[in-house]
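A.B. asks: Before I ask anything, let me first share the structure, which is written out below as structure tokens.
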Amino acid sequence: MDFFNKLSDSIVSAGKEVTEKAKDMTDAGRLQYDISKKKADINDKYRALGKKYYSEHRDEKDDSIVSITAALEELHDMERRLADVKGGIRCDKCGAIVPNGSSFCGKCGAKVGNIFEDEDEDIFDGEAEE
Ligand SMILES: [Zn+2]
């Protein structure tokens, strides 16, 4: 009888161990998820800070600033070419493709396709976040 009691005790304690392991696993999974979310949140904040810093320092000759400006210009050029291929024009404010002949962007309402160049056109503001 003693043998069966010991066996039963060890089965119960093994069961408890498994339950605790499973709990640790779910705790680990939950923590892993929270860590991933926190990292994404931090990256979003870094990104927002970088954008803010860029917009305040875009005239500086720093290599990082210059490379972002060059990349943005390439991006806008590609968007203009895409708009051209699709038979429209690119809104310089939000990047949307507007049908040829439109006067205003259907997405943001900015004036588009005018024959007069907008003097203070600011291609780096209002980046479309799709
Ligand atoms: Zn627009």
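A.B. asks: If you take the residues in the range 60-99 that are among the small types (Gly, Ala, Ser) and within 16 Å of the ligand (Cβ to nearest atom), which one is surrounded by the most Cβ atoms within 10 Å (Cβ to Cβ)? Steps first, please.
C.D. replies: Just the residues of the range 60-99 that are among the small types (Gly, Ala, Ser), to begin with: 64, 67, 70-71, 83, 87-88, 95-96.
Applying the additional criterion that residues be within 16 Å of the ligand (Cβ to nearest atom) yields 83, 88, 95-96.
Numbers: 83: 20, 88: 18, 95: 22, 96: 19.
Once the filter is applied, the top-ranked residue is 95.
A.B. asks: Further question: State whether one or more residues within the range 12-22 are of a type in the set (Lys, Arg) and at pLDDT 85 or above. Spell out how you get there, then give the answer.
C.D. replies: Step one: of the range 12-22, the residues of a type in the set (Lys, Arg) are 16, 21.
Subset that is at pLDDT 85 or above: none.
The answer is no; no qualifying residue exists.
A.B. asks: Check 11, 35 and return the single one that is in a helix (DSSP H, G or I), open to solvent by 100 Å² or more (accessible area, probe 1.4 Å), of a type in the set (Val, Ile, Thr) and over 30 Å from residue 94 (Cα atoms). So that I can check it myself, show each step before the final result.
C.D. replies: Numbers: 35 fails: open to solvent by 100 Å² or more (accessible area, probe 1.4 Å).
The conditions single out 11.
The values are calculated or read from the model by the stated rules, or taken from the named source; none is laboratory data. All of these numbers come straight from a predicted model, not from anything done at the bench. All Cβ positions, glycine included, derive from the backbone under ideal geometry; neighbour counts span all protein chains shown. Surface accessibility is based on the protein's heavy atoms, side chains included, excluding ligands, DNA and RNA. Shrake-Rupley method; radii C 1.70, N 1.55, O 1.52, S 1.80 Å.
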